[in-house]
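A.B. asks: Before I ask anything, here is the structure I am working with.
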Amino acid sequence: MLPSRERGSYWITTFGCQMNKADSERMAGILESMGYREASAELDADLVLYNTCTIRDNAEQKVYSYLGRQAQRKRTNPNLTLVVAGCVAQQEGESLLRRVPELDLVMGPQHANRLETLLQQVDSGQQVVATEEHHILEDITTARRDSSICGWVNVIYGCNERCTYCVVPSVRGKEQSRLPDAIKLEMEGLAAQGFKEITLLGQNIDAYGRDLPGITPEGRRQHTLTDLLHHVHDVEGLERIRFATSHPRYFTDRLIDACADLPKLCEHFHIPFQSGDNDVLRAMARGYTVERYRRIIDRIRERMPDASLSADVIVAFPGETDAQYRRTLALIEEIGFDQVNTAAYSPRPNTPAADWDNQLPEDIKVERLREINALVERCARERNGRYAGRVEEVLAEGINPKDPSQLMGRTRTNRLTFFSATGADDRRYQAGDLVNVHIDAVRSFSLSGTPLNC
Ligand code: SF4
């Protein structure tokens, strides 16, 4: 469909997690359906949108410095439209307008699908703040996806947990699950466009369905993540399905069995454990113990011995002793993760832990982070070692930007893999192909190899 009118150009900068990236793709789709086209540079754009993250203080500070630059532009170019979306917008609301009066629109993540309506209000001369609790509208716009092979599909918005360090519940609101048929329809649409892999997204995806009505004859919830996976598994054309982010408190054996039994479900699990010490987990209000976490991993490995495991961990949480921190190191070593995203604790506004008086000094944060990063890298290298000499199925996602003679893609276990775009028989591989790759070299965070004739 041709755009109804030329609206100038837009630029979106996205900070933070996959949920934000998925929201940005939807907002880009809305802007394009309104007649905007993507600008070639941020400083040339007629509409600039920052989709923000407040998980860490440095991401938030970066937004303010970007905004300062745009506010200056706006003073000489009043037609520039400035939008702040995402979690900083939700957290700061009106006060963001006081801090940056040049802003036109401040909108929380629950309002992403309302971008067109909100911009119409801006067009009528208002400065708009949209941060009230809002029932998320079903997607009606086609997202402008950054990849044409791998896509994200939101299945649940918000989070009802109360982890004491986390700002997400206060900025993303209560859990809102999408209906299984709406999710399946979106996946079918993506498959029809040629997408091969879908990652289902939720801040706490294991909570999927607990806000939807229905009880099965066996007395359990009718809508769970496991049921959803069964519901969407057979979408024609899709080769792979993933999901993130899991929560150890709600991760079930049924889910593990579904992952083992459904062939399109990939053998990769991202299950944040956050700390290897039960007292720290209790202070974080995570709702599980290290023992429970171990049982989940054992069960996964029982059913899928080669599954890859990744996690998130926080070091230097308020009051974390050296012994408690060492238990986190020991757990990483014991489990042998393929990847761990590490962070030093960063106090966030409106979270209980930020007000505690047992904050750890910066030098401890830096030192623990340095040490744990070295361990994580060693574990990743050791785990990747098992791929050497093996043949792995890789879904080609695109050209390696550092070497255009190569393609890059991922194994089912989510290992980034580079390989020659040309096979031995001169066959040219392209994005979207599933290629059997002989792994010749392993590094901590990637593999490379040679495509085999199929
Ligand atoms: S589960 Fe905890 S860490 Fe994850 S989004 Fe919810 S509150 Fe934050």
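A.B. asks: What list do you get for CYS266, CYS379 if you sort them by fewest beta carbons within 10 Å?
C.D. replies: Lowest count first: CYS379, CYS266.
A.B. asks: Can you sort SER275, SER170 by how many other beta carbons sit within 10 Å, fewest first?
C.D. replies: SER170, SER275
A.B. asks: Between region 187-244 and region 31-66, what's the alpha-carbon centroid distance in Å?
C.D. replies: 30
A.B. asks: Post the alpha-carbon centroid distance, region 282-342 to region 405-454, in whole angstrom.
C.D. replies: First find each Cα centre; the distance between them is then 31 Å.
A.B. asks: How long are the three semi-axes of the equivalent ellipsoid for the chain, computed from the Cα gyration tensor as the root of 5 times each eigenvalue, in whole Å, largest first?
C.D. replies: 34, 29, 24
A.B. asks: I need TRP152, TRP356, TRP11 ordered by Cβ neighbour count within 10 Å, fewest first.
C.D. replies: Taking fewest neighbouring Cβ atoms as first place, the list is TRP356, TRP11, TRP152.
A.B. asks: Need one number for region 388-451: average projected area of the convex hull over its C-alpha atoms, nm².
C.D. replies: Averaged projected area of region 388-451's Cα convex hull equals 3.8 nm².
A.B. asks: Report, in listed order, any pair from LYS365/LYS402; LYS21/LYS62; LYS184/LYS264; LYS264/LYS402 with a Cα-Cα distance greater than 22 Å.
C.D. replies: From the list (LYS365/LYS402; LYS21/LYS62; LYS184/LYS264; LYS264/LYS402), the Cα-Cα distance tops 22 Å for LYS365/LYS402; LYS264/LYS402.
A.B. asks: Charges at C-beta only: +1 for Lys and Arg, -1 for Asp and Glu. How large is the resulting dipole of the chain about its Cα centre, in Debye rounded to 20?
C.D. replies: Here the chain has a charge dipole of around 360 debye.
A.B. asks: Of the peptides 432-439, 37-44, 301-308, how do they stack up when ordered by the mean number of other Cβ atoms within 10 Å, highest first?
C.D. replies: Highest mean packing first, the order is 432-439, 301-308, 37-44.
A.B. asks: Then there's this: Can you tell me which of 238-250, 363-375, 105-117 comes out highest on packing, and rank the rest after it, using the mean Cβ neighbours within 10 Å?
C.D. replies: 105-117, 238-250, 363-375
Every number in this text was worked out from the coordinates using simple rules, so none of it is lab data. These numbers come from a predicted model, not from an experiment. Because the Cβ atoms are built from the backbone with ideal geometry, glycine has one as well, and the counts that use them run over all protein chains shown.
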